[in-house]
Amino acid sequence: MARKNRPVTPDGRYLVSRGVLKRCTNPNLDENTRRRALKTMMQARMSNDRAAVIAAKTLLGEAGPVWWDDGVADCSGHPPPQTPYAEWWLSLTEQEREKGNASSDTRKRQR
């Protein structure tokens, strides 16, 4: 499971949030680059600078070109059952799947 207990695909490429696959941060980034990009993204979100958010997410590998190089297509934005990850998704417990389907508001209420 990823931060906030969201399910992560076995290959580490995606987490499930709000019922769809979201690309994970490129695990090959050095720590300094990752930290700077995260800081930039958080500041951009606070100032509602959408272009800067997208630029930071692209640097992190969460948007833009995929960070893997084996030719597998990007499944971002698709529900897991409609992707090659369907079997993995169905192998999760109902409680694990619910953590991937819950919105941020639902998770806050469950705490």
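All of the numbers you see were taken from the coordinates with simple rules; none came from a lab. Small disclaimer: the values here were computed from a predicted structure and weren't measured. Every residue, glycine as well, gets a Cβ built from its backbone with ideal geometry; the counts of neighbours run over all protein chains shown.
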Could you list which residues have their amide H under 5 Å from that of residue 21, counting only those 5 or more apart in sequence or on another chain, with H placed in the peptide plane? 77, 78
Once phi is turned into θ = phi - 60°, what whole-Hz ³J(HN,Hα) does the Karplus curve with 6.51, -1.76 and 1.60 give for every residue of the stretch 79-88, x standing for Gly and Pro? x, x, x, 9, 10, x, 8, 4, 4, 4
Please compute the modelled spin-label separation between residue 18 and residue 70, points set 7 Å along Cα→Cβ, answer in nm with one decimal. 2.9
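Can you show me the helix-derived [θ] at 222 nm for the chain, built from DSSP H runs with n ≥ 4 at -39,500 (n - 2.57) apiece and divided by the number of residues, rounded to the nearest 500.
-12500 deg cm²/dmol
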Positive-end residue, the chain charge dipole about Cα centroid, Cβ charges, pick of 29, 95, 68: 95
Given H placed on each backbone N at 1.01 Å, which residues far from residue 14 in sequence or on other chains put an amide H within less than 5 Å of it? 9, 24
Put in order of increasing Cβ neighbours within 10 Å, starting from the fewest, 92, 60 give 92, 60
Could you work out the per residue convex hull volume over the alpha carbons of the stretch 5-70, in cubic angstrom? 106
Ranked by Cβ crowding within 10 angstrom, fewest neighbours first, how are 16, 53 ordered? 53, 16
How large, in Å, is the chain by the Kirkwood hydrodynamic radius built from its alpha-carbon pairs? 14.9
